[in-house]
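Peer 1: Below you will find the structure I want to go over with you.
Quick note: the coordinates plus some simple rules give every number you see, no bench work behind them. As the structure is a computational prediction, the values presented were derived from the model and not from experiment. No Cβ is skipped: glycine too gets one built from the backbone with ideal geometry, and neighbour counts run over all protein chains shown.
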Amino acid sequence: MKKIAIFISVLLVTTFALNGCGGGGSGRYTVPPDIGGIGPGGSLTPGGSGGVLPGQPGGAETNPEAMLYAAWEDFNLGSYNTAIYKFNAVISSTAASDADKYEAYNGLGWATAKSADGGGIISALEIFSHAYPYNDESKIGYAAALVQRARPNDYREALRVLTSMGLDRTSTVFTPKHPKIGVTNAEAHALVAVCYFWVGDQGGALSHINHARALDSSMDGSVNKIYQNLLAMGLTVN
């Protein structure tokens, strides 16, 4: 069990933390300035902003699409706390459609995962749970959070979620709508390989990690590190 815990830690550090998802460095900028905390007590929970955005005429922005655009702009700049505030505003807005709110939960999940105030990808698991049935980026985030949590049925559930977006087939290409979430197609298939490995499907694990390595041959990249860890844990390549 200790070896499994070490493996999971290395996996998430090399794959979903490498672009600022918790842990090493916040990746945040100061323009536009971050807003410290949201919601009661500065929590990172949905719905804390009351739909009010800073810097807008009259103190509010009532167009959910404009809120989402502004939130993703802040996210792309690395101003994750500001993005969190604005994604929450969309979630709280009575003018927001269901589709707007699913997109806001998706953004909120990734911003929370990357925020220095968050706890990495696992801290966004519940947030992603609101959006993953409707959003492929949230499916990736939700599956990654399940893998990090590593409860007995989490790998199978993560594999189910990834399969629902077609990633059980190596021909499926994951193209993020928001590249700054920091997950490539190669890394998505490496995540599938990890899930297959832990549910006992060596063939599936090998097929997907080999596909991921074909897409990303960097020796010091996350895919190769995942491959090396799978080998260390007993992946059979012959």
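Peer 1: Using a simple charge model, +1 on the beta-carbon of Lys and Arg, -1 on the beta-carbon of Asp and Glu, nothing else, what dipole does region 90-185 show about its Cα centre, in debye to the nearest 20?
Peer 2: 260
Peer 1: Give the share of C-alpha pairs in each 5 angstrom bin for region 64-209, from 0 to the last occupied bin, in whole percents, shortest bins first.
Peer 2: The percentages, shortest bin first, are 2, 11, 20, 22, 18, 13, 8, 4, 2, 0.
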